[in-house]
Amino acid sequence: MTPDGTTLRLLLADDDAEDRLLLQETLEAAPGRRFRVDAVEDFDAAARSLQAAAHDVCLVAQHLGAHRGAALLDLATSLPASPAVIMLLDAGDPVLEREMLRRGAADCFVKGELDAATLGRGIAAAVARRQLGSEGVGERDRLRRLLRAQVEQVRALSRREAQLLALLRDSADAWLVVSDDQRVRFLNAAALQLCRPEPTLGEPLPAALAMALMPALQAGAHAVGAVRLPDAQGRERALELRRSATEWDGRPAWLLALRDVLPERAAPAGAPHDLALRPGDAAGSVVRQATHDPLTGLPNRSLLLARMQDALASARDQGHKLALLVVDLDHFKEVNDALGHAVGDAMLQEVAGRLRGCVPEAACVARLGDDEFGVLLGPLAHPDDTLPTLQTLLARLGAPYELQGQALHGSSSIGVAVVGADEVGDPLQWLRQADLAMYAAKRAGRNTSQCYGPELVQRLNERIDMRQRLQEAIRGAEFELHYQPQIDLTSGRVRAIEALVRWQHPRLGQIGPMRFVRVAEETGQIDAIGAWVLARACAQHQQWLSQGLVDAVVAVNVSALQFQRPDFVALVEGVLAASGLPAHRLELELTESVLMDTVGRGTEVLAQLRQRGVRIAIDDFGTGFSSLGYLKRFPVDKVKIDRSFVADLGQEGEGAAIARSVIAIARHLDVRVVAEGVETEAQLDWLRRHGCDEAQGYLLAKPMSAAELTEHLRDTLARPDALRTRPTLLLVHAEASVLRALERVLQRDDLTVLGAADAATALTMLAQHRVDLVLADQHLTDRSGVELLEQVGRDFAPVVRGLLHREADAAVAERALAAGLCEHRLLVPWQDDSLRWQVRQALRSASAQDVAADTKGGRGPHRLA
């Protein structure tokens, strides 16, 4: 507490919602201290709050979305009225702590090690140092900044309260504000005339007056009735009393109105009446503004808390249970960003109407802020009594919205906290429980509900523990990569190698990604892990390429958080430059849901990556709800059939139907398709029969460490014919779409088909593989097709050579045939069946020449019309 005993105002900046709630609970438990906490979740909101100069202390998390907490520390220390800043670190790091203190932090704490007493003492010490000027600021400057901050606070308070207080002060009715400890916080001149004994500002209500008003103070959130009070001469008279919940200095309070009872306007006893709704009453209008949301007309957070307090008191007397629902709209920010605030506001108004129509009449529906609503239900005989309301809410809020000519689909995540009167200490604790349950519903996939209870608390504790261990793992380099090949189902060669992250914990052993990736995504730690995976995978793959062990791409998974980083393209460019890996050797895998959630900006990012040569694959394809029209907007090279569908392939069930559809879509989009999770011969046979390009799974190759895969690749190269049971054709063409089209046609036959985009790559592949026939396009990027085929004849005889050419290059092709620089020529464009027949004929001649000749001397030119 500050020296003068006032409440400290704290700004809490943390992008983790659960951490914010847990820290607020910790602050409330701090012994002998009172705090008023303003919690924000991103850098921009925190910066605006800091510049308002309304806080004594600022608690800043190490990470704030795409920003670092240190940036907010720098902003705070640059302000004239700088609050004391305490940094909340993810883990103990002496070097980082010293850096934060050097930059002006008052103190540093580790989140997972905080208790109420430690945090309370730390805040008190930080405020004391700030007030004493121990941070090296001159006393005069310190006092000037402190005075300026206090003046700004007073001005802000005056702007909010001036209109209301002026109206109440001059009203003919008696107005009082009484706090929850029955102290008088405000009264006007009429109150001094009507109330006997006379109340005193700042003091408790006189005992006789308190006893007269007690029935109203113990009634519901709104009350109306009559009281009898003595006048100045001691004669008793009847007064009409109305009461409404409000807030004063951040604490619950009651707004009381007293007036003479006139027969024509006296209300019947017990009649419901909200004094804020009296027509023509300007003071009542201002009261309504203080207790209701102006956009939706619903009660606001303060009024909901007051009604929750009343409901708890009633439950304590009656012994029933109550339920609080926190309803948060899923992906509402995208609606605002994409369609504008006018549509967003219209949607909020529609949601408010649907909420009111879904709950019992006695329930209280409130808007808590932004896209979050609260619903107070009760009395309840059993917690399951909430289920019908929950089912109705999820269905109604998930129904389509027609707003300003826009058709929108929405959903909601709902947290539920069911309590008895003695199970929570106060409404704020109850609200936090429902908030935690709502965030659990978000993590469960959205469009669902979760209930607060011991299991949820246990999961939260496990998550906090996992986050701490992850931070230690990042510092201790406990992660390693395993690699799993993706095999071409026609040639049998490795087309891609997927990098898979593993966590090798020193005590717990190997921890699979299913246990830690989601937590890392929620806490933001996936950013550091993902950057390490990308850098390590690219460096390793470049090493394999330089050793001549692979002719494939390396596939790296990208999380939603990574992909949404403003500097993601720059990160990829930096990794490629550092590793030396060519861009076309990198394939980034993104899930269908990530692409659907970032359609606008995501398309731009993918286009930038493709322009640099990076390949793109859609992972877990078929599990989302994207349409063919949406997918056409994304520049992708490959789609992966999710393993859940592959598991069903042998039985021709739903999974087989989806897999057939995915293969058909891939054909339509002219992209390759790979099936993951292949574990049986029946699945592999199905995939081959239905035209799947590649497969990945334990049947073909298990995930291996870098050392194991290196040995495997060397063993495969040492046995060049081990996988070769069919003739091998090498296609060389600069246009990837044409190359894919040729591969797709020729892979229908019993051929191993290799592809190269330029002459240099083709020569490398010829050195690594036994090739029977080379078909090269005349127009390559690094040399002409004729020049390439001439070198093939010199260095790789008796490989048979064919030239792909257009009609305009017919003369060039004829001269090449006559000069013995190639044995075949093929006119482009082609007819599929004719192409296949001509290639088979060429391969027959190649087979004969393998036996009959060691050089090209005995070959005669053969023209393919």
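Here are a few things to note about the model shown:
- FRET efficiency, Gln611 to His341 (Cβ-Cβ, R0 25 Å, nearest 0.05): 0.15
- In range of the label at Thr118: residues from region 54-88 whose backbone nitrogen is under 15 Å from the point 7 Å along Cα→Cβ: 87-88
- Calculated FRET value between Ser737 and Ala797, using beta carbons and R₀ = 35 Å, to 0.05: 0.65
- Region 320-424 pair-distance distribution - Cα-Cα, 5 Å bins, rounded %: 2, 12, 24, 23, 16, 10, 7, 4, 2, 0
- Here the simple spin-label model places points 7 Å from the Cα toward Cβ, and for Arg475 and Ala647 these points are separated by 3.9 nm.
- Shape of region 741-816, Cα gyration tensor, a/c cut at 1.5: oblate
- Neighbour cut-off at most 15 other Cβ (10 Å), DSSP loop, trypsin sites (Lys or Arg not before Pro), region 420-527: Arg446, Arg507
- Label-to-label distance for Gln841 and Glu334 is 5.5 nm, based on points extended 7 Å past Cα in the beta-carbon direction.
- Inter-centroid distance (Cα atoms) of region 782-803 relative to region 483-516, Å: 38
- Additional length obtainable on full extension of the chain from Asp832 to Ala238, 0.36 nm per residue less Cα span: 203.7 nm
- Ordering Ser449, Ser412, Ser179, Ser737 from the fewest to the most neighbouring beta carbons within 10 Å gives Ser737, Ser179, Ser449, Ser412.
- Cleavage-rule hits (trypsin sites (Lys or Arg not before Pro)) in region 13-76: DSSP loop, at most 15 neighbouring Cβ within 10 angstrom: Arg34
- Overall form of region 481-712 per C-alpha gyration tensor (a/c, 1.5; a/b vs b/c): rounded
- Sites Ala808 and Leu571 - FRET efficiency at Förster radius 25 Å, r taken between beta-carbons, to 0.05: 0.05
- Proxy reagent accessibility, fewest Cβ within 10 Å first, across Asp90, Asp181, Asp642, Asp670: Asp181, Asp670, Asp642, Asp90
- Per-residue 3J(HN,Hα) values for region 494-508, derived from phi via the Karplus relation 6.51 cos²θ - 1.76 cosθ + 1.60 with θ = phi - 60°, read 7, 9, 8, 10, 8, 8, 10, 7, 10, 10, 9, 6, x, 10, 8 Hz in sequence order (x marks Gly and Pro).
- Here the simple spin-label model places points 7 Å from the Cα toward Cβ, and for Ala381 and Ala531 these points are separated by 5.9 nm.
- Relative contact order of region 457-607: 20 percent, from C-alpha pairs under 8 Å at least 6 residues apart in sequence.
- Sparse packing (at most 14 other Cβ atoms within 10 Å of the Cβ) combined with a DSSP loop state is found for none of the GluC sites (Glu not before Pro) in region 441-516.
- Cα convex hull of region 31-105, projected area averaged across orientations, nm²: 5.6
Since every read-out is calculated from the coordinates, none of them should be taken as a lab result. Just so it is clear, the structure is predicted and the values come from calculations on it, not from any experiment. As a convention, Cβ positions derive from the backbone with ideal geometry for all residues, glycine included, and neighbour counts pool all protein chains shown.
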